[in-house]
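A short write-up of the structure that comes next.
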Amino acid sequence: MKRMITLAMCLVMLLCTAISLGETTEKAYLGKVATNGSFELLCTVPDGYTISQAETGTDSGNFLALIMSEDTEKPVMVLSVAFDEMYSDVPRLNELDDDALKQIEQTFRTEDEVEISYHETAHGTKLMMIKENRDSVDYVDFFTIYKGYMIEFVLMHGNEAKETLTEEQIQLAVTFLSNLDFVDVSADGNALHAAA
């Protein structure tokens, strides 16, 4: 009897796994960067959002995408990828020491008072989070590095939004970056690298 119950539980688990695998959505193609290796950018577009503008040059080290919802109360997201020679040999932000991180932090400190903290994506990549240090948060900026490319993701208040950005909306940005992939197309094009 115990064997039958165990077998039934195994079948249910296999069925659930097959269903969840069948529900995975295909990632959207964003564009390509090609300075320090040639990578195609793929992402999972959040529900209700579209990539309304994307700019990239052929064989460029820069990429810019605007991700918006028709619901003007929802946050607007801007993804920027730019190659920087200074970080050409840096695989990920995780590899930088405290002094190097402090130098990057200084570039985000302006006349606005900000709070800088660190988070990790689902892949364990370190994310620097720059957040306004006040009650009403209009934007949150995320920064990381992948193979010499600086990745910046800005989450901004929607035009019609009446309140501050919520923790749930901030988590949306972390999830987006966790699902952002760099597909290496400089060699065989088969290796998939998670950027964040």
Among residues of segment 92-121 being closer than 20 Å to Val174 by Cβ and part of a loop (DSSP other than H, G, I, E, B), the residue least open to solvent (accessible area, probe 1.4 Å) is Thr121
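Could we say that Tyr29 is within 14 Å of Phe182 (Cα to Cα), of a type outside the set (Lys, Arg) and surrounded by fewer than 16 Cβ atoms within 10 Å (Cβ to Cβ) here?
Against the criterion (within 14 Å of Phe182 (Cα to Cα), of a type outside the set (Lys, Arg) and surrounded by fewer than 16 Cβ atoms within 10 Å (Cβ to Cβ)), Tyr29 qualifies.
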Is it fair to say Thr164 is assigned to a loop (DSSP other than H, G, I, E, B) and either at pLDDT below 90 or under 22 Å from Val45 (Cβ atoms) (or both)?
-> yes
Those residues of segment 59-83 that are of a type in the set (Phe, Trp, Tyr) and over 19 Å from Cys43 (Cβ atoms) come to a total of 0
Is it the case that segment 167-177 has a residue that's hydrophobic (A, V, I, L, M, F, W, C), open to solvent by less than 10 Å² (accessible area, probe 1.4 Å) and part of a loop (DSSP other than H, G, I, E, B)?
-> no
Considering each of Thr125, Thr58, Thr44 in turn, give the residue that is open to solvent by 60 Å² or more (accessible area, probe 1.4 Å) and either under 25 Å from Leu165 (Cβ atoms) or at pLDDT below 90 (or both).
-> Thr58
Out of curiosity, is Ser80 surrounded by fewer than 18 Cβ atoms within 10 Å (Cβ to Cβ) and at pLDDT 85 or above?
-> yes
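The values are calculated or read from the model by the stated rules, or taken from the named source; none is laboratory data. Since we're looking at a predicted model, the values are computed, not measured. Reconstructed Cβ throughout: ideal geometry from the backbone, glycine too, with neighbour counts over all protein chains shown. Protein only, heavy atoms only, side chains kept; ligands, DNA and RNA dropped before computing areas. Shrake-Rupley method; radii C 1.70, N 1.55, O 1.52, S 1.80 Å.
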